[in-house]
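Q: For reference, the structure I am asking about is given below.
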Amino acid sequence: MLAGIPRSGMPTVDPTDNLKDGRTDSDVRFETKISDAFAHLVVGEHNSAALTTNHAFSSSDDANLRIVVCVDKLPIEESVPRSAHTLIFPSEPDVIGGQNALSYMQELQKRWIKPSLSTHLWILSNALTGSKDITFSAFTRYIAATSYKRIACRFNNKFLSVPFLDSLKKVDEIPFTSDVADGKPHEADRLFLRDCVEYRTKLDVEIPNLIEMHENMPPAAEAFRLYTNETRIEFHHLILKLLDQFKTALDNLVALNYDEATEASDQAVEEFNQNVDHLNVTGYLLFRMSKTHAFQKHLENIKYKLRKPRISPAEMSIEERDRDGDLEVIHSNSLKKTLLRSYLAWLRLMVSHIDAARIVIIGIHCPRFVYKSISVEVMVIPQTDSSLLPWSEVFKEFIPELSPLQLYYDSRYEIIKFLEKGISDSANAKDATDQCQDAMEGLDNPGPQLVSGELSDSDRFFLNLNNLSFRGTNHCETFLASLLAAFDSDNSIDGTKDEDWMQLLSQMQGFGRVIGVSKICCLTCAVVLKHLRYKYGDVFFVQGDVGVYSACSLPLWTPSYIVDSINADLGCQLSRNLTHFMRLEEKKHYEESVLSFPVLSYGSDSDSE
């Protein structure tokens, strides 16, 4: 119910970033960033993943890093019916031909064969630790080939991504910059310029001033300024060219839609390889650009030409909004952040697969990484029960009756009356809308006076209250935390021990409280993780939360006292949100009634007659 309440006009909850402003010590920060990056690389196309490790900074030099990954689903071709968890382990491909993982990964650059999840895990775990010779470009190219569908889905999100791209394209004039050099060397700017000049033949863009600047670049320790009045226009054109070619490569790969190169023609193989190469190069250059001082100065320079995305979340379907929580964070924050920070966050998210690969490569070469091998196992979490309690039962059992001191909030009885009336009114609205649609379908050329009605977000919310089919899922991070939590001794369901839970619990000894995630947690999961506790009462640590509730479930073995505390917490939030929603609906209906009231005119000539 919390996830379904229309958000237009509702109070917002600020997203949480637990890695910001030095809130964590360096060891936890290091572990979280590595775990998040690895989770990002594991998921491939559309899955979500959460993981934990047995990482300890005092590990011996010959230690094995164990990783347990939870994923919410398998690719369609690998899916199997499941009522309980499914375990998957890394496995060599059938056609390895005596190659090691690194050689096999590099061989895929010639003729791509989509790896299964188990083969993908084998490549990641062995290529990263089996040899220190793995190159960044080869690794990012492999990740691009395994992830392009997910990247395209994110980049082409018409609600939360395209508005940023369209706004940049509509900047038709680049103002002169009045900034003076700050005297800093700006190493990231140097690296970006070097790479742009190196790859310029693949970009098809004229950058003579930038090339000249590269040829006359001062020594590394001296001050360097990439963004100047001479380069500002070229810089903007370069941004647009990179974004355009990045999109073109993604769209071409999605259109090819070929995952088994052995079934494709040589021409299709060549097209696939060229587009993956182009996606990798443009993605890398966009990543480099996002780290530069010059990009920030350019955004500052054109800020009056840019539009701040203001697409209301109410305009999106729930399915669209839930598809990418990380984009939702940027959109939510765009109303609070400066333009510079919003556009910067958007660009970095578009190429986050490059950053994840960079973090992992740096991590395995870091002195803190003492492991000689990595072992990975994957749990595919069980499907949830699709049945729901009637909303009236939810209120009776789980929504607290607020005390008289909390006068701002309406009583449970008043909220129930409001919901019952809303359900009745929305049912009438749906009948009218259906009749209008039927009438229009019967006309060859409906006139402009006959406009088909469309249900409001409020009507959809009320109608869904009587839907007893649950459309949410188990979320990976809370499923994983339920296996690591230090529950009380009574971990029973209806008085009996849950065998699935006991079996999994025995395998989870020695894993830590840091949970890496492939996408930022929803607010519902943040509440759940607050009530689940690790050993000695420590809280589970994730990078943060999106500040938006979504529909998710708990594993059946979650103890009742934990479920009760979570329901009490979420029940209070639901009461508050429904009260605010009720006030908004009352105001809307009052304004509609005022506008529809006939205006009477007094003292006219006709009246006097």
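The values are calculated or read from the model by the stated rules, or taken from the named source; none is laboratory data. Treat the numbers as computed from the prediction; the structure is a model and nothing was measured. Cβ atoms come from the backbone with ideal geometry, glycine included; neighbour counts cover every protein chain shown.
Q: Within region 512-538, track down each residue that is in contact with a Phe, Trp or Tyr (Cβ under 6 Å, 6 or more places away or on another chain) and part of a helix (DSSP H, G or I).
A: Those that are in contact with a Phe, Trp or Tyr (Cβ under 6 Å, 6 or more places away or on another chain) and part of a helix (DSSP H, G or I): L523, T524, L529.
Q: What are the residues in region 21-51 that are without any contact (Cβ under 8 Å) to a residue 12 or more places away in the chain and in contact with a Gly (Cβ under 9 Å, 6 or more places away or on another chain), if any?
A: R29
Q: Select from region 330-349 the residues that are under 18 Å from I520 (Cα atoms) and at pLDDT 90 or above and write down the one among them that is nearest to the chain's Cα centre (by Cα).
A: Among residues in region 330-349 that are under 18 Å from I520 (Cα atoms) and at pLDDT 90 or above, the one nearest to the chain's Cα centre (by Cα) is L349.
Q: List every residue pair whose Cβ atoms lie under 6 Å apart, where the two residues are 6 or more positions apart in sequence or sit on different chains, the first residue falls within region 293-308 and is within 14 Å of S342 (Cα to Cα), and the second residue, located anywhere, is assigned to a loop (DSSP other than H, G, I, E, B) and aliphatic (A, V, I, L, M).
A: I302/V171
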